[in-house]
Amino acid sequence: MAALLPGAATLGVLGGGQLGRMFVHAAQALGYRCIVLDPDAISPAGAVAEVHIKTDYLDSFGLAQLARDCDAITTEFENVPALALQTLAGMRVVAPAAAAVAVCQDRAVEKAHFEAAGVPCAPHAVITNDIELAAVDPALLPGILKTSRMGYDGKGQVRVSTPAELAAAWADLKRVPCVLEQLLPLQRELSVLVARGADGQIVHWPVQQNLHRGGILAVTEVPAPDVPAEVDELAVNAARQVAAALDYVGVLCVEFFWLTDGRLVVNEMAPRPHNSGHWTMDGCEHSQFELQVRALAGLPLPEPRQHSAAVMLNLLGDLWFTEQGGPTPPAWDRVLGLPGTHLHLYGKTEARHGRKMGHLNVTAATPEAAHAVALRAAALLG
Ligand code: ADP
Ligand code: MG
């Protein structure tokens, strides 16, 4: 495919959330027009795109309009129906492909892909019926029962310690297909972002260290402190291998558990830019969103060099609520008085507990300096 040149093409995105919004911003900076398809009348990406098609993801008129008016189309969340991507693929360049997104939509299929790519994941069992439930190896307990589909931010997960708890948890989850994973002793959580072009060229960003609170990403630090060179190399190679084995086109994030015994296992992957890669907007020469645009348009993918140490703080709606009540916006004027702070808000009008409202990137010449400012910012945010 010839490259879609900046200033002379229109890019489409399925999904109107914050990832779509940051994709649109990056695409527009390069001179592309953007069209977002999202059923919600008000959405973070729909508000900034040149055109917002407000139909369901499987609406044939909406999809036809998107295909007619866009030169290439991507997605900003993995739960967009694979059928929507397939339908569009018959008409336009679509990246990532429906088949790759479908692998990421199902934990059981995803784990089979990791194993086929030669990348170890957590010991697990797939549970879709009573026979599989009864056959679960007790060595997998204590474990975490996860719905195979539609889980995010720790939703659709239950910790279980005994076969009886497992059976009860599966009944609570309405007996939908699930994966039981052994509960692993985590030393740290890491992730690696890669960008891959249709020609197979692949680049990666440095290993990211992630801290979750209540199943939701809270803090990402890059460089990842204290990660030995061999673990770093294993993570990067595994992410590149996973992307290549999928013949993936676009930006892909692979999440890892670094265990207390030093082993590295893959957790899951996302077929799109990732919350743990938001620091790249200010800490790197090229952000994950810029390379998502470039991969889609068939433009060169530069090695994304990190120029600053970075800490990203996720800004959840909880920050809008204090003991005095709320919602009221945090004291951004004070936070932005700190050196190296970059605020990104997603344009969501209603703050809710657990809702991702934005993120704050802190950049500095050294990891220690970035860390120190991030601590001060967190203290100001309360
Ligand atoms: P989600 O799709 O909601 O992000 P994950 O599978 O990544 O789901 O799980 C969310 C978090 O739960 C992980 O980031 C990790 O902190 C914890 N977790 C998940 N699986 C395991 C496991 N097998 N062992 C220990 N902790 C786990
Ligand atoms: Mg996760």
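Screening PRO225 with (1) at pLDDT 95 or above; (2) away from ligand 1 (no atom under 15 Å from the Cβ) gives one miss only, at (1).
Against the list (1) farther than 30 Å from LEU4 by Cβ; (2) of a type in the set (Asp, Glu); (3) touching a strand residue (DSSP E or B) at 6+ places or on another chain (Cβ under 6 Å), the condition ASP282 fails is (1).
Scanning the stretch 250-261 for residues that are assigned to a loop (DSSP other than H, G, I, E, B), assigned by TED's automatic domain parsing to the domain that holds GLY200 and over 26 Å from HIS25 (Cβ atoms) turns up at least one hit. Annotation note: of LEU140, LEU85, the sole residue that is away from ligand 2 (no atom under 16 Å from the Cβ), touching a His at 6+ places or on another chain (Cβ under 9 Å) and touching a residue at least 24 places away in the same chain (Cβ under 8 Å) is LEU140. Here ASP226 passes the criteria (1) over 18 Å from the mean Cα position of the chain (by Cα); (2) more than 23 Å from ALA377 (Cβ to Cβ) except the one numbered (2).
For every residue, the table says whether it meets (1) surrounded by 15 or more Cβ atoms within 10 Å (Cβ to Cβ); (2) touching a residue at least 40 places away in the same chain (Cβ under 8 Å); (3) of a type outside the set (Gly, Ala, Ser).
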residue: GLY151; (1), (2), (3): yes, yes, no
residue: LYS155; (1), (2), (3): no, yes, yes
residue: PRO163; (1), (2), (3): no, no, yes
residue: ALA169; (1), (2), (3): yes, no, no
residue: ASP172; (1), (2), (3): no, no, yes
residue: LEU190; (1), (2), (3): yes, yes, yes
residue: GLN201; (1), (2), (3): no, yes, yes
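The single condition from (1) within 18 Å of GLN208 (Cβ to Cβ); (2) among the hydroxyl-bearing types (Ser, Thr, Tyr); (3) buried (at least 17 other Cβ atoms within 10 Å of the Cβ) that THR341 fails is (1).
If only residues of the stretch 196-229 that are charged (D, E, K, R) and not in a strand (DSSP E or B) are counted, the one that is nearest to HIS124 (Cα to Cα) is ASP226. Taken together, ARG107, ARG92, ARG159, ARG68 contain a single residue that is among the charged types (D, E, K, R) and in contact with a helix residue (DSSP H, G or I) (Cβ under 6 Å, 6 or more places away or on another chain), which is ARG92.
Among the conditions (1) over 25 Å from ILE73 (Cβ atoms); (2) more than 16 Å from ligand 2 (Cβ to nearest atom), the only one that TRP258 does not satisfy is (2). Filter the stretch 253-296 for residues that are under 23 Å from ARG21 (Cβ atoms), surrounded by fewer than 22 Cβ atoms within 10 Å (Cβ to Cβ) and more than 11 Å from ligand 1 (Cβ to nearest atom) and give the result. Answer for the stretch 253-296, where residues must be under 23 Å from ARG21 (Cβ atoms), surrounded by fewer than 22 Cβ atoms within 10 Å (Cβ to Cβ) and more than 11 Å from ligand 1 (Cβ to nearest atom): ASP282, GLU285, HIS286.
Just wondering, is there one or more residues in the stretch 354-364 that are β-branched (Val, Ile, Thr) and within 19 Å of GLY277 (Cα to Cα)?
yes
Do we find a residue being under 21 Å from the mean Cα position of the chain (by Cα) and either more than 16 Å from ligand 2 (Cβ to nearest atom) or under 21 Å from ARG107 (Cβ atoms) (or both) anywhere in the stretch 157-168? So far as the stretch 157-168 goes, yes, one or more of its residues are under 21 Å from the mean Cα position of the chain (by Cα) and either more than 16 Å from ligand 2 (Cβ to nearest atom) or under 21 Å from ARG107 (Cβ atoms) (or both). Scanning the stretch 213-222 finds one or more residues that are at negative phi, within 16 Å of ligand 2 (Cβ to nearest atom) and buried (at least 20 other Cβ atoms within 10 Å of the Cβ).
The values are calculated or read from the model by the stated rules, or taken from the named source; none is laboratory data. Computed from a prediction, not measured in an experiment: that's the story for all the values here. Neighbour counts run over all protein chains shown; Cβ positions are idealised from the backbone, glycine included.
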